[in-house]
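Have a look at the structure below before the remarks.
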Amino acid sequence: MCCDLKRRFLLLYATQKGQAKAIAEEIWLQAGAHGLEADMHCISEMDKYNLETEKDPVVIVISTTGTGDPPDTARKFVKKIQDKNLPSDHFAHLQYGLLGLGDSEYTFFCNGGKTVDRRLQELGAQRFYDTGLADDCVGLELVVDPWIDGLWLALKEVFLLQKEKEGMSNNVNDISSSLSAAPCVEHELNLSSEIQNLKLEDEGAASSNVPSQKLVDINLLASARDTEPSLVHSVPPISQSTLNIPALPPEYIEVQFQDTHGENPHLSSLISEGTTFEVPVTKAAQLTREDAIKTALLLELDIADTTFDYQPGDAFCVMCPNNANEVEELLHILGLSERGEYFVCVKVKQGTKKKGATRPQHIPERSTLKFILTWCLEIRAIPKKAFLRALVEYTSNAGEKRRLQELCSRQGASDYTLFIRESNVCLLDLLHAFPSCKPSLNLLIEHLPKLQARSYSVSSSNLYQPGKLCFVFNIVEFPACPTRPVSRKGVCTGWLAELVAPLLHPNKNTLYTKGGNPPIEKISIFARPNNTFHLPSDPSVPFVMVGPGTGIAPFIGFLQHRQKLREEHTDWHFGETWLFFGCRHQDRDYLFKQLRCFLENGTLTHLKVCFSRDSSTAEVAPPKYVQDVIRLYAKEVARVLLKESGYFYVCGDKKHMADGVSDAVVDILSMEMEVDKLEAMKILAMLREAKRYLQDVWS
C-alpha cells in the first residue's frame, strides 16, 4: 500500500490499572497490518490531540473504576466535555467508536465508558461503530476480540466515504483491497508454521521421531492417558487446530545491571494518588475462633502524629509487598538469585517499534532488582494473552510452546478462561507448569502490571477514638489445586497477618529485646476518601445498615461516631438506626459482640442477626441470610426509605449478598407500594441516584 494512502485514526485510552492501555496497544499493533495508522494517546494528554478540530475517526478505549467512575486519567477530559455551556452540535463533526471496560459484579457496569459515550452523543458526535461493553467478570476478551475484529471493516467504510467525498474514487479499490487482504498477514498462523513449531525438539531428542506431515500435539503424546484438557495439556479439536494468535508485542525495555551501592527509592515515590503516611500498628486482635472457616483480624493504627484524616465510611489504601519467598523463587527460576541486591537501571530500548514507549511510571529508574520484584510488580497478576504470546518466544520445548500458543489464541479462549483466568494462575504457576520457559527480566517489567495498594474500609471514628484508625479483614486463602501446586494467602492480608503475629501471640516462642514487648511494626498508607458512603448530614434522618461478615466494618465507625455525637449533643434529635448482621456461626465468627452495647445505650435502635450454618431446633427455622431477615421487616424498611426519606447502606460481598439484598428491597418496594417489580426497580434506581441507597461492595 502506498504511503500516501495510509489512513490515520485517533486512538485514545483511559486506564486505571493498565487494561485499557494494553487493549489500545493491541489495536495500534493490528492497525499497521490493516494498512492504517493509529495515532495513540492517553486521554489525559489533551495537548497532543484536539477533538474540536479532529477530522479523522476516533477510537476510545476506557475503563471504569470505583463504583462507576471514569478512571483518574479521564477525569479532566470528562470534566471538560461535561461543561453545560457547550452547544448540542459541539462535536457534530466527530465520528467515533467506543469500547468500555467494566465488571458486572458492580452496580454501575462500564459507567466510565457509558458516561463518555452518552455525553459525546449529546454533543452531536456520531458513532461509526457500535459501542462495545466488555465484562471483566466473565472475561474481557469475549467482547474485546470480536469488537476489534469488526473495527477494521467499520473504519474501512468511514475511509471509503471520506474518499468519495474528496472526489478520489479512483483510489477506493486500492484501499479496499489493502484493508481486506491485511488481516491474514500478521495474525493467522497457518498449518505449515504450526508443523514447523512442532518440529522443534527437546534437547537430546531425535528429530526422526516427530512426523513432519501431520499436526501432532506433543503434550498429547507425552500424556496419552489424559483425555481431559488441563493447563499444560489440550485435546482435539484445539490440539489439531490452526491458531489465530495475537501479534507479538514489540519489546521496549532495557535493563542494565550495575553495582550493589546505593539506596532504594522511598515507597511514597511509587504512588501518585496522594500523600503516604508511615504509621505504627499498635494493636491486633483475632475476631474469629480458631475453628472458624475464615480468620478475621482487627488492626489499630496510630495516626496521631500525622495529618491523615478520615470520616466513618471512608476507605484507605495499604501499600504491601509481594511475598518474600515468592520473590526468591522467581529470582531462582530466572537464574538471578545472586543478583537480587544489585541495582538495575531501567530504560527504554533504543530502536523499539513500540509507539510512544516510556519507562512504566511504577518502575524506578534505578533500584535493586529485589525492590522491583517486591514493591513494584504484581507478580500474582493473572497473565494477559499478550504476555502469554510473548512467553512463547522464550519457551524451548515444542509441546510447551504449542500449549502457550493455544492459550493465547482465539481458538483457546475457553481454555484460557478455565485454566488461567478462573484458576487465578500467576506467573510462578506458569513457569512451574512450563519449565522450558525462561523469560527475560525486561519482559516481566513490560508485562506485569503495577503492584496495587489494597483498599480497606475504615472501622472506627476519629471523634470516638482520636488519633486511631481501625480496620478489619479476612485473611484470604487460595488453596492448592491442579493449576496451583501450593496454597497461598492473599498478598496483603497474608503479609499483614505475618506482620502482626507477635501482637496476636506475644508469648509464642518469641524472644524480644529488653523490655519484653513485641517490636512495633509500621505500614505505609494513603487516603482513599469515599465521597458518598457517609452518615446522613442530618442526624435526625433514620438509616438502615446491612453488613454481614467483615462488611460490618464501616458500620462500627458509624455507630461509634453516632454514640459520641449523642454524648456531646444531648439536645439533638437522632433518627432510628437499624443494623442487619449475619455470619456462619454465632460462637465462631460473630465479629463484634459488643454491638449489644450500642443497642443498650440507644445508639443502635434495632439489631437483627442471623447465622447461616448454625442448626436450629425451632419448629420454624430462623432465616439464614441478611436478605431473608430484611424481608421480615418489610413494612419498617419501606417506612424508613419512603415515608421518612431515610438512607440504606450495604457493605460486603456483592455476588453472594449485595445482589440478594437489592432483590429483597425491590420485593419490599413492590409489595408495600403495590406496584409491579419493574416499577419497584425504577424506584430503587431513583434511590441510588439520590445517594440514599449506597453500596460499598467487593467481588
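Helices in the chain, meaning DSSP H runs of at least 4 residues, each add -39500 (n - 2.57). Divided by all residues, the mean residue ellipticity at 222 nm is -8500 deg cm²/dmol. Computed from point charges on the beta carbon alone (+1 for Lys and Arg, -1 for Asp and Glu), the dipole magnitude for the chain about its Cα centre is near 480 Debye. Excluding ligands, DNA and RNA, the accessible surface per residue across the chain is 48 Å² with a 1.4 Å probe.
So if I average 1/r over every pair of distinct C-alpha atoms in the range 543-697 and take the inverse, what Kirkwood radius in Å does that give?
Values: mean 1/r = 0.0617 Å⁻¹.
Evaluated on the range 543-697, it is 16.2 Å.
Hydropathy first: keep DSSP H helices in the chain averaging at least -1.0 on Kyte-Doolittle, then drop any whose Cα extent along the axis falls short of 20 Å, and list what survives. Taking the DSSP H segments of the chain (at least 20 Å long, mean hydropathy at least -1.0), we get 19-33, 141-165, 553-568, 659-673. I'd like the GluC sites (Glu not before Pro) in the range 262-302 restricted to DSSP loop residues with at most 15 other Cβ atoms within 10 Å, sorted by number. Of the GluC sites (Glu not before Pro), the ones in loops of the range 262-302 whose Cβ has at most 15 other Cβ atoms within 10 Å are E263, E273, E290. Among the GluC sites (Glu not before Pro) in the range 32-104, those located in a DSSP loop and surrounded by at most 13 other Cβ atoms within 10 Å of their own Cβ are E45, E52.
Of all accessible surface on the chain at a 1.4 Å probe, what whole percent is carbon and sulfur? Walk me through the numbers on the way to the answer.
Working: 16320 of 33220 Å².
Carbon plus sulfur share of accessible area: 49 percent.
Placing R0 at 51 angstrom, the Cβ-Cβ distance between S487 and Q256 gives a FRET efficiency of 0.85 after rounding to 0.05.
For V59, the residues whose modelled amide H falls within less than 5 Å of its own, excluding neighbours fewer than 5 places apart on the same chain, are L10, L11, L12, G97. Taken along the Cα-to-beta-carbon direction at a fixed 7 Å, the label points for D83 and E422 span 4.9 nm. Only protein heavy atoms count here; under a 1.4 Å probe, D628 has an accessible surface of about 60 Å². Short to long, the 10 Å bins of the Cα pair-distance histogram for the chain hold 3, 12, 20, 23, 20, 14, 6, 2, 0, 0 percent of all pairs.
Remark on L377: its backbone amide H falls under 5 Å from those of L451, a criterion applied only to residues 5 or more positions apart or on other chains, H modelled at 1.01 Å from N.
List the relative contact order of the range 543-697 as a percent without decimals, with contacts defined as Cα pairs under 8 Å and 6+ residues apart. Could the numbers behind the result be given before it?
On the way: 220 pairs, mean separation 39.0, N = 155.
Once normalised by length, the contact order is 25 percent.
Between the range 306-377 and the range 261-282, the alpha-carbon centres lie 13 Å apart. Based on Cα contacts under 8 Å between residues 6+ apart, the chain shows a relative contact order of 11 percent.
What trypsin sites (Lys or Arg not before Pro) in the range 296-393 are in a loop by DSSP, with at most 12 other Cβ atoms within 10 Å of the Cβ? Walk me through the numbers on the way to the answer.
Numbers: sites: R339, K347, K349, K353, K354, K355, R366, K370, R380, K384, K385, R389; in loops: K349, K353, K354, K355, R380, K384.
Answer by residue number: K353.
The values are calculated or read from the model by the stated rules, or taken from the named source; none is laboratory data. Computed from a predicted structure; not experimentally measured. Cβ sites come from the backbone with ideal geometry, for glycine too, and all protein chains shown count toward neighbours. Calculation scope for accessible area: heavy atoms of the full protein, side chains included, ligands and nucleic acids excluded. Shrake-Rupley method; radii C 1.70, N 1.55, O 1.52, S 1.80 Å.
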